Amino acid sequence: MAALCCRVLAQTSRRNVIYSSARYANKMLADPLEHATGIEKRELLAQAAGNDNPFDMKIFKRGPGTKDSPNLVPSCFESRIVGCVCEEDATSVNWMWLHQGTPRRCECGYWFKLTKRAPV
């Protein structure tokens, strides 16, 4: 008899939990912008303003890349690491550090220069 009572009590409590969670399932949380802080909030605000690449992490296509007109790489810092895929079919990336004010030449001959950009 005690085992039957325990089983009925366990099933009833499980059923109440299932029904109560289903009842509140259609309620949504508040806007994520209200809960975000710090860098995440600045990223969400930049995306809301229309900037889908606030940290300049997307791939840039190389331009002419000569010493007179190098490929410009935006950065909010004094230096930045840049990867160059020298050939279209290459499976490796040549990484190099760019420093503010001095253009740098890749092994393939393209030139890159760091430009100042306002932080997010």
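Could you sort 33-39, 109-115 so that the peptide with the highest average Cβ count within 10 Å comes first and the rest follow in order?
On the way: 33-39: 10.0, 109-115: 17.0.
The densest-packed peptide leads the list: 109-115, 33-39.
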Determine the sum of side-chain charges near L44: Lys and Arg each +1, Asp and Glu each -1, restricted to other residues whose C-beta is under 13 angstrom from that of L44.
-3
Give the aspartates and glutamates whose C-alpha is closer than 19 Å to that of K41, dropping any in the same chain fewer than 8 places away, or say none.
D31, D52, D56
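Once the other residues with Cβ under 12 Å from the Cβ of Y110 are scored (Lys, Arg +1; Asp, Glu -1), what is the net sum? Working shown, then result.
Details: positive: K61, R62, K67, R104, R105, K113; negative: E87, E107.
Here the charged neighbours net out to +4.
Give the accessible surface of region 72-120 per residue, rounded to a whole number of Å², with probe radius 1.4 Å and ligands, DNA and RNA excluded. If you can, show how the numbers build up before the last one.
On the way: 3390 Å² over 49 residues.
Accessible area per residue, region 72-120: 69 Å².
The values are calculated or read from the model by the stated rules, or taken from the named source; none is laboratory data. Note that the structure is a prediction, hence the values are computed from the model and not measured. Positions of Cβ are backbone-derived with ideal geometry, glycine not excepted, and every protein chain shown enters the neighbour counts. Surface accessibility is based on the protein's heavy atoms, side chains included, excluding ligands, DNA and RNA. Shrake-Rupley method; radii C 1.70, N 1.55, O 1.52, S 1.80 Å.
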